[in-house]
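Enquirer: Encoded as structure tokens, here's the structure I'll be asking about.
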Amino acid sequence: MLDTCGVDPRLEAMLSISSRMNGCLYRCRNDSAYTMLFISDSVLPMTGYPASDFLNNQVRTFTSICHPEDTARVDAAVGHALETRGQWDLDYRLVGRDGQEIWIHETGAGVFGPNGDLQFLEGAITNVTDRKRLESEVQAMLDRIAVISNSIVKDTTTILDVLRALKMLALNARIEAARAGEQGLGFAVVAQEIKSLATLTGESAERITGLMKELHVVLNQQQQSQRH
């Protein structure tokens, strides 16, 4: 259905929405260059290249601005989605006109004809550079916390070893004080206080070690979830 201006309202709505998104919509061929049949004008503020550059590869191919380390992964995701008649949904990098990396999230799928033949690919691209930067900062913070927690565990382990040795010395001192009779009573009291202090401090150190190990487990789980 067309409006009075001869424009499909659905297409008009789609173009209006895409002009406001931090990304773009596209339709392309399933070839090595992903030759663009359509790409919304909002690709310009995202990459620095106008949409006309990519249409039918007039100036450059879309593949040419894909980060070279990510192209194989993109091809594999697209290939798998076409084989399973599903969709691809992944993050990868583009390289903008200014040479800066642009992280994008792309969701797309193949469009098949009535006879099951693949006609073209289409999808949506969203700029997620800010999200990736935040994830990187969070990951760096988690890595730093993990290093600190490991250091604390090592230090408390050393403290526990010292306290165990101190408790043994206190025990030996009490034995020697008992052999000394009344002359060793004062020394025995001191030895008992040392043992009590070592026990109390050791219990605190063990609790700290346990908490830090729990923190280490949580950090590992967080890191694994972010990788996926």
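Enquirer: Looking at segment 61-73, which of its residues are more than 15 Å from G99 (Cα to Cα), assigned to a loop (DSSP other than H, G, I, E, B) and free of Cβ contacts under 8 Å to residues at least 24 places away in the same chain?
Expert: Correct list: D70 only.
Enquirer: Now a separate question. Within segment 86-133, track down each residue that is surrounded by 17 or more Cβ atoms within 10 Å (Cβ to Cβ), more than 25 Å from the chain's Cα centre (by Cα) and aliphatic (A, V, I, L, M).
Expert: Scanning segment 86-133 gives a single hit, L121.
Enquirer: Taking the condition in a loop (DSSP other than H, G, I, E, B) and of a type in the set (K, R), does R97 pass?
Expert: yes
Enquirer: Out of all the residues in segment 76-105, which are within 17 Å of Q119 (Cα to Cα) and either touching a helix residue (DSSP H, G or I) at 6+ places or on another chain (Cβ under 8 Å) or of a type outside the set (S, T, N, Q) (or both)?
Expert: Residues satisfying the conditions are V78, G79, H80, A81, L82, E83, R85, G86, Q87, W88.
Per-residue answers, yes or no, for (1) aliphatic (A, V, I, L, M); (2) assigned to a helix (DSSP H, G or I); (3) modelled with pLDDT of 95 or more:
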{"residue": "A13", "(1), (2), (3)": "yes, yes, no"}
{"residue": "S18", "(1), (2), (3)": "no, yes, no"}
{"residue": "L25", "(1), (2), (3)": "yes, no, no"}
{"residue": "A33", "(1), (2), (3)": "yes, no, no"}
{"residue": "D41", "(1), (2), (3)": "no, no, no"}
{"residue": "M46", "(1), (2), (3)": "yes, yes, no"}
{"residue": "D53", "(1), (2), (3)": "no, yes, yes"}
{"residue": "A76", "(1), (2), (3)": "yes, yes, yes"}
{"residue": "A81", "(1), (2), (3)": "yes, yes, yes"}
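The values are calculated or read from the model by the stated rules, or taken from the named source; none is laboratory data. Source: prediction; values computed, not measured. Cβ: placed from backbone, ideal geometry, glycine included. Neighbour counts: every protein chain shown.
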